[in-house]
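What follows is a single structure, written as structure tokens, with notes after it.
The values are calculated or read from the model by the stated rules, or taken from the named source; none is laboratory data. Because the structure is predicted, anything quoted here is derived from the model rather than measured. Cβ placement follows ideal geometry from the backbone for every residue including glycine, while neighbour counts extend to all protein chains displayed. Just so you know, the surface numbers come from the protein's heavy atoms only, side chains and all, with ligands and any DNA or RNA stripped out. Shrake-Rupley method; radii C 1.70, N 1.55, O 1.52, S 1.80 Å.
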Amino acid sequence: VVDADGDVLGDSVQRRRPLPNHADRPEIQQALRNGLASSVRLSATTGQETLYVAQRFPREGTAQGVVRLSRPMAMVDAAREDVTAILRNAAAAALAAAVLLALVAALVASRPLRRIAEAAQKLAEGEFGYPLEVRSNDEIGEVAQAIDSLAAQLKSKLLASGADRATLQALLDDLPVGV
């Protein structure tokens, strides 16, 4: 904790000698002007590259001082790498789940399409009674209903055509003169 004049009022590390005035530190100056500041520089105390973050107090009104936190960049970089690894693992798990769900969705969607294709093939072969057991309330269900309707209409037309042919043949057979 640093007062508005830069004098260190308190430090989390117990030191035997008093700390020098911090009024010239860039994060302290910026925090006193703008409320919040940060900087990365070599620490005069430890000689390590350090991240400094400072917040003035109170936030409104005349500044009484600054609360400053510092962490060596090695710690910041290690935390960043940990977060990156967590995000990378989460992204890999999400991608695997998405691929698995896409595969399941494709299998679920393709099953009724395969049944429709089989029914169309049987219809082409002349088997009008092939059971098409696709029940869904979407476009696939509409196609299945259309094929069922087509099969019923074709069966009806063929039966009627067969009956007409039999009647015609019977009439031809009853004619006294050959045709």
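Listed conditions (1) over 18 Å from Val1 (Cα atoms); (2) in contact (Cβ under 8 Å) with a residue 40 or more places away in the chain are all met by Gln48, apart from (2).
Pairing residues of region 1-13 that are without any contact (Cβ under 8 Å) to a residue 24 or more places away in the chain with residues that are among the acidic types (Asp, Glu) and part of a loop (DSSP other than H, G, I, E, B), at Cβ distances under 9 Å and at least 6 apart in sequence or on separate chains, gives Gly6/Asp24.
Residue check: Asn89 meets all listed conditions (1) open to solvent by 90 Å² or more (accessible area, probe 1.4 Å); (2) closer than 30 Å to Gln30 by Cβ but one, namely (2). Is it fair to say Gly65 is over 30 Å from Gln153 (Cβ atoms) and either among the hydrophobic types (A, V, I, L, M, F, W, C) or loosely packed, with under 10 Cβ neighbours inside 10 Å (or both)? So Gly65 does not fit the description; no. Applying the criterion of being of a type outside the set (Gly, Ala, Ser) and modelled with pLDDT under 90 to the residues of region 35-52, the residue that is farthest from Val76 (Cα to Cα) is Thr45. So is Val83 open to solvent by 70 Å² or more (accessible area, probe 1.4 Å), aliphatic (A, V, I, L, M) and at pLDDT 95 or above or not? Yes: the conditions hold for Val83. Criterion first (of a type outside the set (Ser, Thr, Tyr) and within 41 Å of the chain's Cα centre (by Cα)) does Ala170 satisfy it? For Ala170, the condition - of a type outside the set (Ser, Thr, Tyr) and within 41 Å of the chain's Cα centre (by Cα) - is not met. Scanning region 129-143 for residues that are part of a loop (DSSP other than H, G, I, E, B) and surrounded by 12 or more Cβ atoms within 10 Å (Cβ to Cβ) yields a count of 4.
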